[in-house]
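The values are calculated or read from the model by the stated rules, or taken from the named source; none is laboratory data. Because the structure is predicted, anything quoted here is derived from the model rather than measured. Ideal geometry is used to build each Cβ from the backbone, glycine not excepted, and the neighbour counts take in all protein chains shown. What goes into the accessible areas is simple: the full protein's heavy atoms, side chains included, and nothing from ligands, DNA or RNA. Shrake-Rupley method; radii C 1.70, N 1.55, O 1.52, S 1.80 Å.
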Amino acid sequence: MKQDDRAPFFQALQRARLSAYAPGEFVEQEGFMRAGEILALAKRSGIAPGVSVLDLCCGVAGPGRLFSRELGCTYLGVDYSSSAVAIARERARDLPCRFEVSRIPPIPPGPFDVVIMFETMLAFPDKETLLQEVSQALTAGGRFTFTMEEGLPLTDAERERMADADTVWLTPLQDMLTCLETVGLVVRRQDDVSHSHRAAADSLINAFAADAAEIAEQVGRPAFEELIAAHRLWSDWLCEGRVRKVAILAEKVEAARTASG
């Protein structure tokens, strides 16, 4: 099991992450999304007072806390990192948010009106099992909103260059669309967000470099170098089209097909 070390990284990167985004666009998110993008996706998903939301791989729950505060909902965030969940709980304060520490899958049974999964789909090699459980956890007409890194699987040479390559499982878009249909989820909208996410990656690279001494002192020079190298690799891949970032909104419209049917 990998060391649960989210807390020191959260603290070490906080100042640089804040400086990397335009005013109001940083809400303690840990990926490349902006606050405006997070809220837009939440609104399209129908998040509003009384709507039950499950946030998978929520991390410190920056996005979840944002739309819980701005839009209102019944919120459950789940993450495997106990240190991330501890931060999320502390930051949520009086917001109507609940959190659980759990490996995913399994997924809490629900039912939920909306399931959110931002910036973490690539960590799951078996996406069909994950999507099957998401579909089962949704109400009829429920929505699943997520971002994905679209592309062919990494080559052995690419895995050698990518830190934590065991959590990087790219998927061609058509494979994802087919899998969603198989489990009874119909895509209502998909948007290519590669350009904005590459811009965020480049801005974060510059901010981390400017704060290099402080970050390296807190997390160690090797970890800092891996962080910079990974962000540069994502930026290069998004620029070259090796990877595309796609935001998808899908709706549960029918029962998932069984293996026999």
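Scan around residue 187 for amide H atoms under 5 Å from its own, H built in the peptide plane at 1.01 Å from N, and keep only partners 5 or more places away or cross-chain.
Answer set, sorted by chain and number: 251.
Let's see if you can work this out: charge +1 on each Lys and Arg Cβ, -1 on each Asp and Glu Cβ, no other charges. What is the dipole magnitude of segment 180-245 about its Cα centre, in debye to the nearest 20?
For segment 180-245, the charge dipole is close to 340 debye.
Could you give me D for segment 29-156, from Stokes-Einstein at 4 °C and 1.567 mPa s, where the hydrodynamic radius is the Kirkwood radius over C-alpha pairs? Units µm² s⁻¹, please.
Taking Rh from Cα pairs, D becomes 88 µm²/s.
If packing is taken as the average number of other Cβ atoms within 10 Å across a peptide's residues, how do 55-62, 27-34 rank, most packed first?
The peptides rank, most packed first, as 55-62, 27-34.
Quick one: which residues, 5 or more positions from residue 99 or on another chain, have an amide H under 5 Å from its amide H? H modelled 1.01 Å from N in the peptide plane, none for Pro or chain starts.
Sorted by chain and number, the residues that satisfy this are 77.
Compute, for residue 43, the solvent-accessible surface of its heavy atoms (probe 1.4 Å) with the complete set of protein chains present, and express it in square angstrom to the nearest 10.
Residue 43 has an accessible surface of roughly 130 Å² with all protein chains in place.
What does the accessible area of residue 169 come to, in Å² to the nearest 10, when a probe of 1.4 Å is used?
Estimated to the nearest 10 Å², residue 169 gives 90 Å².
How do 202, 175, 211 stack up against each other in accessible area, from largest to smallest, with a 1.4 angstrom probe?
Result of the area sort, largest leading: 175, 202, 211.
What's the carbon and sulfur percent of the chain's accessible surface, probe 1.4 angstrom, rounded to a whole number?
Answer for the chain: carbon and sulfur cover 52 percent of the accessible area.
Sequence-distant or interchain residues sharing an amide H contact under 5 Å with residue 115, placed H: which?
Long-range HN contacts for residue 115: 54, 143, 144, 145.
Using +1 on the beta carbon of Lys and Arg, -1 on that of Asp and Glu, and nothing else charged, what's the dipole of the chain about the Cα centre, debye to 20?
700
What does the net charge come to around residue 105 if you take all other residues with beta carbon closer than 12 Å to its beta carbon, with K and R at +1 and D and E at -1?
Taking every Cβ under 12 Å from that of residue 105, the sum is -1.
Per residue, how much accessible area does segment 83-181 show when a 1.4 Å probe rolls over the protein heavy atoms, in square angstrom?
On a per-residue basis, segment 83-181 sits at 47 Å².
Across segment 79-86, in residue order, what do the Karplus-derived ³J(HN,Hα) couplings come to in whole Hz, using 6.51 cos²θ - 1.76 cosθ + 1.60 with θ = phi - 60° and x for Gly and Pro?
Per-residue couplings from phi come out as 8, 7, 8, 5, 5, 5, 5, 4 Hz.
Classify segment 83-207 as rounded, prolate or oblate from the Cα gyration tensor: take a ≥ b ≥ c as the square roots of its eigenvalues, call it rounded if a/c is under 1.5, otherwise prolate when a/b beats b/c and oblate if not.
oblate
In whole Hz and in residue order, list the ³J(HN,Hα) couplings for segment 62-78 that follow from phi through the Karplus curve 6.51 cos²θ - 1.76 cosθ + 1.60, θ = phi - 60°; x for Gly and Pro.
Along segment 62-78, the couplings run x, x, x, 5, 5, 6, 5, 6, 7, 10, x, 4, 9, 10, 10, x, 10 Hz.
Per-residue HN-Hα couplings for segment 35-49, Karplus 6.51 cos²θ - 1.76 cosθ + 1.60 at θ = phi - 60°, whole Hz, x for Gly and Pro?
Whole-Hz 3J(HN,Hα) from phi for segment 35-49: 4, x, 5, 4, 5, 4, 5, 5, 5, 4, 6, x, 5, 6, x.
Averaging the inverse of every distinct alpha carbon separation and then flipping it gives the Kirkwood radius. What is it for segment 145-261, in angstrom units?
In segment 145-261 this quantity evaluates to 16.3 Å.
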